[in-house]
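In what follows, a structure is listed as structure tokens, so that the remarks can point back to it.
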Amino acid sequence: MHLIDITDLAMTGMTGTILFAKSWWLQPDNLISFAKGIFGLGLVIFVHELGHFLVAKACGVKCEKFYVGFDVPIEIGPFKIPAALFKKQIGETEYGLGTIPLGGYVKMLGQHDNPALAAEEAEKAKVADEEGDYQMDPRSYLAKSVPQRMAIISAGVIMNLITAVLFAAMAYKMGLRNTPAVVGRTMPGDSAWQAGVRPGDHMVQLGKEGRRDEYLRFNDLRFSVIKKDENSFPMTVRRLDGTEHVVNVQPVSHKGEIDDTPKIGVYSASTNKFFENPFNDGSAANQSDLRNGDIIKEMIVDGADGVSAEIDGEINGHVAMKKLLLANRDKSITLVVDRKEDPKSKTSPAEELKLKLAPQPLRYLGFATEMGPIVAIQTGSPAETAGFQAGDVLLSIDGESISDPLLVESLLVAHVGKQTTFGVKRGDEELELSATVRAADMEGDVGRGGGPVAAEALGIAYQVTDKIASVVPGGPAESAGVQVGDIVTGFHLKMTEAAELEKKLQQTVEQPIKFGDERPDWGYASVGLQFAPKGTDAVVTFRRGTESIEKTMTPVDYPGQYEVMRGLRFEQLSRVKKAASVGDALRLGFRETKEGIEQVFVTLSRIGKLYKHMGGPGTILYAATAEASEGLPRLLGFLTLLSANLAVLNFLPIPVLDGGHMMFLLYEGIFGKPMNERIAFAATMAGLCLVLCLLVFMLGLDFFRFSGLLGMIV
């Protein structure tokens, strides 16, 4: 019915970064999902236009056309693309599928969305009466009363809201799988980390007024954080031991990141089901004959009687595995694995296996950078008890100088449970502080680009600088001519023997990390060394005085240091919520639609911060395809969100949108006459320009996203 339908799809906010690989679309299962996604999007458009059509018919308006897609003829030189893929005249209405799949419309007698043609269309709707005078055809849109036209205009939005509820209700009746709000790990120094949020914590209430719900999803947490912006709020978390705690978190925006929306620094939990990493083919996990879908039932430390982690439930089991790996990073481990029958080939019967997982040495380039200051201290940690302060610089552990700031967590393993002395520099003064080191329950993680590094066993997050503090004799850095005092300014990986592997990657591993002038990035960049494929060199740029130097080095094993996870990756934890009855399904459908509408309003109110999470038709189609690949309930859940988006955006008071038409009708209803034609025309053209600009902007976001350049948008 309106140009709005192009805009609806273009303006719909989408969350998450889309990784685009051409070969993905060529897989048969994904082509089927693509078709399902297309059908789902078409269904949402059809329902919207059906609302306009049915109410117009009920009001006695003649509907000349009903189209999904736009039937605009396209001519490119000698090539002509037909305006419609299908059309059929039934009674007084032509029904069809337009060639341009960006919306749909219902053409009513006497109505046209193009303001330049509106007057001409109105003239066509006039008929001669018995006296020869021309009057408006009683079956035209313009001949209907203001309340009738309001009903016609609002019908599309109302239908979208109704179907949103029904889509969500059907999804929950079948069983909708989502990611629960359970913590897998926290980002060093961020709000959740400082508040003492732990792996396995299950969030059961967000905010004082938030609903208490055992089935809070990770998306609920993400939305709550965005809605609070940078205002602190309490969260109620349930620990693995069943106790509940209220923690206060402060969302923070990390400027300069690709995703700079407010965050508290929480990652979702994982299961004990192995998920193979095709990129890191040199990892211990990939060399242990583990396969996708293998379920780890137990971990046993070789040569250590009684030291094992038995998997008791998905969340408890994952935390237990992580603790065992942290404490025994230098030891071989036997994995007791439950391998299911291959559902495709049927050649691999179900069986229980015991697989060896060797230690995986850390990779490094033979240099270390300077230790930076402590930037955050965890609530209730040994560091807080010992009197550590932000700004302190950690110098030594039990009298042993720290040779590499990235190794603090590893060095603390030998001190777990012991009273340990720490040398600290505070301003110009050197102090000794004493603390009892605890057993860490998650890895001493490295923050986002420029973020701090965590020493979980002590409860501090500290900065690692980019200034070279030491160069190992005989190492790659010394051979390349790196010197103490050089400052690292850039880093990227360069594949040397991986043409076949590059096909598997479907994207280059040579994307550079550009260091910021005011933030240190070496800690973050060094993580890439641990996950680089075989046959990969590191290209590092340094600043030496005013000179810029580029060096290519081959990573080597770090003597006596080991990577904790050894290449192990696990499937994301997910749970199915199934409605107990039809009434329960409708209740959940209403709630899902209400929350979807609220998300749209919040997104619009913070569009300056959230625009990178939005996308045009390409992003929406990709998301629909991805959700369809997860099953019908997930596709219906996505269509619920899309319908809520369409309903809200359609009713914005912008001329050429449904809300703009309603605004003009309200004026006519109040003052008893239509708005001045010149003013209405000017307002409509302004609205059209705004809509087209937004469309171009969203298409631009699509281009940057699928070309891999989204990170270049500041």
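The values are calculated or read from the model by the stated rules, or taken from the named source; none is laboratory data. Treat the numbers as computed from the prediction; the structure is a model and nothing was measured. Glycine also receives a Cβ, built like all others from the backbone with ideal geometry; neighbour counts cover every protein chain displayed.
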### Message
Between A155, A171, A192, which is within 30 Å of G523 (Cα to Cα) and in contact with a Gly (Cβ under 9 Å, 6 or more places away or on another chain)?
### Response
A192
### Summary
In the stretch 535-560, anything basic (K, R) and either outside any strand (DSSP E or B) or without any contact (Cβ under 8 Å) to a residue 60 or more places away in the chain (or both) is listed as R543
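Which one is farthest from P101 (Cα to Cα) among residues in the stretch 46-90 that are β-branched (V, I, T) and touching a residue at least 24 places away in the same chain (Cβ under 8 Å)? Can you show your working first?
To start, the set of residues in the stretch 46-90 that are β-branched (V, I, T) comprises 47, 55, 61, 68, 72, 74, 76, 81, 90.
Checking the rest, the ones that are also touching a residue at least 24 places away in the same chain (Cβ under 8 Å) come to 47, 55, 61, 68, 72, 74.
Values: V47: 15, V55: 24, V61: 26, V68: 7, V72: 11, I74: 13 Å.
Applying the filter and picking the extreme gives V61.
Among the residues of the stretch 141-198, write down those that are among the basic types (K, R) and farther than 30 Å from E64 by Cα. Give the steps one after another, and end with the answer.
The first filter runs over the stretch 141-198 and keeps only residues among the basic types (K, R), leaving 144, 149, 173, 177, 185, 198.
Hits for the stretch 141-198 are K173, R177, R185, R198.
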### Summary
For F167, the lone unmet condition from (1) at pLDDT below 90; (2) of a type in the set (F, W, Y); (3) surrounded by 21 or more Cβ atoms within 10 Å (Cβ to Cβ) is (1)
### Message
Report every pair of residues separated by at least 6 positions or lying on different chains whose Cβ atoms are under 8 Å apart, first residue within the stretch 411-428 and under 15 Å from L326 (Cα atoms), second part of a strand (DSSP E or B) and of a type in the set (D, E, K, R).
### Response
L411/E400
### Task
State which residue pairs qualify: first residue under 16 Å from L646 (Cα atoms) and inside the stretch 100-117, second residue modelled with pLDDT of 85 or more and among the charged types (D, E, K, R) in any location, beta carbons under 6 Å apart, and separation of 6 or more residues or different chains.
G104/E49
### Message
Yes or no: the stretch 419-431 includes at least one residue that is surrounded by fewer than 19 Cβ atoms within 10 Å (Cβ to Cβ), in a helix (DSSP H, G or I) and of a type outside the set (S, T, Y).
### Response
no
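Considering the stretch 448-496 alone, what residues qualify as being charged (D, E, K, R) and assigned to a loop (DSSP other than H, G, I, E, B)? Please lay out each step first, then the result.
Here is the first cut: in the stretch 448-496, the ones charged (D, E, K, R) are 448, 456, 466-467, 478, 486, 494.
Across the stretch 448-496, the qualifying residues are R448, E456, D486.
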### Message
Against the definition (at pLDDT below 90, touching a Leu at 6+ places or on another chain (Cβ under 6 Å), of a type in the set (S, T, N, Q) and buried (at least 22 other Cβ atoms within 10 Å of the Cβ)), how does T603 come out, yes or no?
### Response
yes
### Query
Is the stretch 119-126 home to any residue that is part of a strand (DSSP E or B), at pLDDT below 90, touching a Ser or Thr at 6+ places or on another chain (Cβ under 9 Å) and not acidic (D, E)?
yes
### Query
Can you tell me which residues in the stretch 201-215 are under 18 Å from S270 (Cβ atoms), buried (at least 22 other Cβ atoms within 10 Å of the Cβ) and not acidic (D, E)?
M203
### Task
Kindly list the number of the only condition in (1) assigned to a loop (DSSP other than H, G, I, E, B); (2) at pLDDT 90 or above; (3) outside the structural domain of D537 (by TED's automatic domain parsing); (4) under 35 Å from the mean Cα position of the chain (by Cα) that fails for Q389.
(3)
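Output the number of residues of the stretch 303-328 satisfying the condition of being at pLDDT 80 or above and either in contact with a strand residue (DSSP E or B) (Cβ under 6 Å, 6 or more places away or on another chain) or on the phi > 0 side of the Ramachandran plot (or both). Break it down into steps so the answer makes sense when it comes.
Filtering the stretch 303-328 down to residues at pLDDT 80 or above leaves 303, 319-328.
So of that shortlist, the ones also either in contact with a strand residue (DSSP E or B) (Cβ under 6 Å, 6 or more places away or on another chain) or on the phi > 0 side of the Ramachandran plot (or both) come out as 303, 320-321, 324, 328.
Total meeting the criteria: 5.
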#### Entry: Residue in the stretch 681-714 that is farthest from Y622 (Cα to Cα), counting only those that are at pLDDT below 85 and of a type in the set (G, A, S)
G711
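Name the strands (runs of 3 or more DSSP E) wholly within the stretch 21-94 that hold at least 3 residues that are at pLDDT 90 or above? Full working, then the answer.
On the way: elements: 63-70, 74-76, 79-81, 84-90.
Hits in the stretch 21-94: 63-70, 84-90.
Which of the residues spanning the stretch 670-706 are of a type in the set (G, A, S) and surrounded by 15 or more Cβ atoms within 10 Å (Cβ to Cβ)?
A680, A683, G687
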### Message
Within the stretch 225-237, does at least one residue satisfy the condition of being closer than 30 Å to A320 by Cα and within 17 Å of the chain's Cα centre (by Cα)?
### Response
yes
### Task
Could you give me the residue pairs with C-beta distances under 6 Å whose first residue belongs to the stretch 643-656 and is free of Cβ contacts under 8 Å to residues at least 12 places away in the same chain, whose second residue is among the aliphatic types (A, V, I, L, M) and part of a helix (DSSP H, G or I) wherever it lies, and which are 6+ apart or on separate chains?
P653/M663
### Task
For S410, state whether it is among the hydroxyl-bearing types (S, T, Y), in a loop (DSSP other than H, G, I, E, B) and over 30 Å from the mean Cα position of the chain (by Cα).
no
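With respect to E571, determine if the residue is under 27 Å from D294 (Cβ atoms) and part of a strand (DSSP E or B). Explain how you work it out, then say what you get.
Details: under 27 Å from D294 (Cβ atoms): yes; part of a strand (DSSP E or B): yes.
Yes; evaluated as a whole, the condition is true for this residue.
Condition check: touching a Leu at 6+ places or on another chain (Cβ under 6 Å) and assigned to a loop (DSSP other than H, G, I, E, B). Does A532 satisfy that? Give the steps one after another, and end with the answer.
Values: touching a Leu at 6+ places or on another chain (Cβ under 6 Å): yes; assigned to a loop (DSSP other than H, G, I, E, B): yes.
So A532 fits the description; yes.
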